[in-house]
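No lab work stands behind these numbers, since they all come straight from the coordinates. Not measured: the values here are computed from a predicted model.
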Ligand SMILES: [Zn+2]
């Protein structure tokens, strides 16, 4: 699945990255992103619109784990593309 999240903790409201991650929870293998919505991330000074999602199992994906797991794509990657 494709997600857009901050590329660092101190994103200054502009550092948004597109990442491709697995469709399954890395902790237990349950379906990932069963519910998705657009939310806001606050770094202490600025807001950034980001993708939010819920996993079937209830495990929470932390940004830093997603950044490690995910394959970074060029900004504006085609979000409808199937991998
Ligand atoms: Zn899980």
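Values for this structure:
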{"quantity": "Helix-only CD estimate at 222 nm, as mean residue ellipticity for the chain, using -39500 (n - 2.57) per DSSP H run (n ≥ 4)", "calculated": "-2000 deg cm²/dmol"}
{"quantity": "Difference of contour (0.36 nm per residue) and Cα-Cα distance, residue 47 to residue 14", "calculated": "11.0 nm"}
{"quantity": "Additional length obtainable on full extension of the chain from residue 68 to residue 54, 0.36 nm per residue less Cα span", "calculated": "3.2 nm"}
